[in-house]
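Let me begin by presenting the structure, written as structure tokens, before commenting on it.
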Amino acid sequence: MSGFSNFLLSTASALAVTLSGSMLAAQTTPDNFIVAIAEEPDTLDLTSTGHAPGTRISMENVTEALWRTNTDGEVVPGLASFEVAEDGMSILFHLREGVKFHSGDEFTADDVVFSHERMTERAPQHMRRARNLDRIEVIDRYTVRFVFNTPDAGMLPARGYSIASRAYFERVGEEEFVRHPVGTGPYEFVSYTPGTSMQLRRFADYWGDAPEVENATFRFVREATTRVSQLQTGEVGMTMDVPYPDVANLQSAGFNTAFLAAHPTVGIQFHNTNPDVPWHDSRVRRAIAHAIDRQAIIDGLLQGVPEVSETVTEGELGYDPDLEYNAYDPARARALLAEAGYPDGFDMPFYIWGGAFAGMRETAEAVVLYLQQIGINAQAQTLDASPFLTMLREVSGTTDAEYVGISAMPWANQSDPTEALSIAFYSRSPFAPYRNPEVDAFIAEAASLIDPEPRDAALREAFRIMHEDTAIVPLWNFVAVYAMADGVDFTPTQNWFPVVQLRDVTFD
């Protein structure tokens, strides 16, 4: 292990925040539940979001979908039950009858069509997820059929088909529709103060079971240390994205914790189609993989909480235990650089997705130091989530971009790996800087196969090619850590974005 790796391990304890032994009891009740979160929505309208993860953290309590994922990670009925045709060419949805939007309007098939049309125009992720959807057939007021132009096994695991009210939109217009959103969820929108907080209250006419939380406030607190401090002092009853160095101390101080091994994966991604940059050569990308002691980062900076996998994790479709791990080997890294024609290294842009995930900044700083050891000068630039995704869309749409970034990518721990590959590595995706026609072919094949066994084989081939080509350097698989005041429990939704579903908060 290098001197730098030893430095990481030896300084781990210095990175932990010392918690007060005499914390104040959280004044949190079902009538006044406050949650500190890192990101606020880019819009209050889930049918037009350009940054779905940050928006869904809070807004999934207001806006529901036709189907959803339960806390065990299983796809289950939401606003509709569903029947998938044997050939995968259609899905028949039976809508729940008597469901009311918070505006009082009834939920019908017309709202399904309206939501699809609106998301197709405004929501990039929906455009991608619905790429194989040929049409929506309205059978009657409470029945619709999705008809595909090719079998699509990935739509249901992808989730995210948010439903909005056409009647409300036509009555109030675009501005009010976005400013004061209504949905069918267990919570209705009360108010929103940009940069500060959002208030929700339990919807009295909700079609499902009434959750325990009556009134909730999402407080937007960008700094992780501030979120932890507010939990300690009782200002909030729950916080998400707890920094890994704080976890053990919070537990010993009496706070409850919950862990979610979910996507994204923190890793290094490359734009690979520009022949005029060093990392166009796969040997350079593999050199970068060998230059970084990923386990030392996990143990020394992240308190051993997350894990790393070359592709997906055991139990997921496409998992191949025979793929060789790119172990830390700086001598091998330097040899690969020399072989590729860069014995003295080079300068490289290095964009960092900042602010969204605990441990990202520390990891990026360590990676920069590791790369310096083999002669690569990574010129770091940190961007917030929205500008980072905007830049990613821009570089993914050109063949001559100069981009290397440390990002939070769909990779491991998803309900369906096809969804991960379709977002971040399929050439038709607006968020795919890496392009490879062979990979595209296997992604498309996997997405069209309903039978899990051949889908697994197609996904294995896609991951094998990407591993050999070093399409990505996975650093660690994200584990979201939630911390709650004593007496508060929360069960996170598996195989989904880290969100806060208030329906899954309970009180002792």
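The values are calculated or read from the model by the stated rules, or taken from the named source; none is laboratory data. Keep in mind it's a predicted model, so treat the numbers as computed, not measured. Methodologically, a virtual Cβ is constructed for each residue, glycine included, from the backbone with ideal geometry; neighbour enumeration extends over all protein chains shown. Side chains included, ligands, DNA and RNA excluded: accessible areas come from the protein's heavy atoms. Shrake-Rupley method; radii C 1.70, N 1.55, O 1.52, S 1.80 Å.
For the chain, the share of alpha carbon pairs falling in successive 10 Å distance bins from zero is 4, 19, 28, 26, 16, 6, 1 percent.
Considering only Leu200, Phe177, Pro387, the residue lying farthest towards the positive end of the dipole of the chain is Pro387, judged by Cα position with unit charges set on Cβ. A cut-off of 5 Å between modelled amide H atoms, ignoring neighbours fewer than 5 places along the same chain, links Phe346 with Ile376, Asn377.
Taking all C-alpha pairs of the range 53-167, those more than 21 Å from each other amount to 33 percent. Within the set of other residues whose C-beta is less than 13 Å from the C-beta of Gln303, count the net charge using Lys and Arg as +1 and Asp and Glu as -1. Result for the local shell: -4.
What's the carbon and sulfur percent of the range 346-475's accessible surface, probe 1.4 angstrom, rounded to a whole number?
With neighbouring chains kept in place, the figure for the range 346-475 is 48 percent.
Look at the alpha carbon pairs under 8 Å that are at least 6 residues apart: their mean separation over the length of the chain gives a relative contact order of 23 percent. If R0 is 56 Å, the Cβ-Cβ spacing of Val138 and Glu339 corresponds to a FRET efficiency of close to 0.40. Here the dipole of the range 235-389 is about 280 debye; that uses its Cα centre as origin and unit charges on the Cβ of Lys and Arg (positive) and Asp and Glu (negative).
Calculate the length of the line joining the C-alpha centroid of the range 407-455 to that of the range 205-283, in whole Å. Using only Cα atoms to place each centre, the spacing works out to 25 Å.
Under a model in which nothing but the beta-carbon of Lys, Arg (+1) and Asp, Glu (-1) is charged, the range 194-316 shows a dipole of about 340 debye around its Cα centre. Computed from phi, the 3J(HN,Hα) profile of the range 239-246 under the Karplus parametrisation 6.51, -1.76, 1.60 (θ = phi - 60°) reads 9, 10, 6, 5, x, 4, x, 8 Hz, with x in place of Gly and Pro. Per-peptide packing, taken as the mean over residues of other Cβ atoms within 10 Å, places 431-437, 450-456 in the sequence 431-437, 450-456 from highest down. In order along the range 253-264, the phi-based Karplus estimate (6.51 cos²θ - 1.76 cosθ + 1.60, θ = phi - 60°) of 3J(HN,Hα) comes to 7, x, 7, 7, 9, 9, 10, 10, 7, 9, 5, x Hz; Gly and Pro are listed as x. Tell me the net charge near Pro330. Cut-off is 14 Å between Cβ atoms, Pro330 excluded, with +1 for each Lys or Arg and -1 for each Asp or Glu. Once all neighbours under 14 Å are counted, the net charge is +2.
In the neighborhood of Leu502, defined by Cβ-to-Cβ distances under 11 Å, what is the net charge if each Lys or Arg adds +1 and each Asp or Glu adds -1? Charge balance near Leu502 sits at -1.
Per residue, the accessible area of the chain comes to 38 Å², computed with a 1.4 Å probe over protein heavy atoms only.
Taking all Cα pairs closer than 8 Å and separated by 6 or more residues, the relative contact order of the range 186-244 comes to 25 percent. Charges were assigned to the Cβ only: +1 to each Lys and Arg, -1 to each Asp and Glu. The resulting dipole of the chain about its Cα centre is roughly 800 debye.
By accessible area, using a 1.4 Å probe on protein heavy atoms only, the range 123-226 has 47% of its surface on carbon and sulfur.
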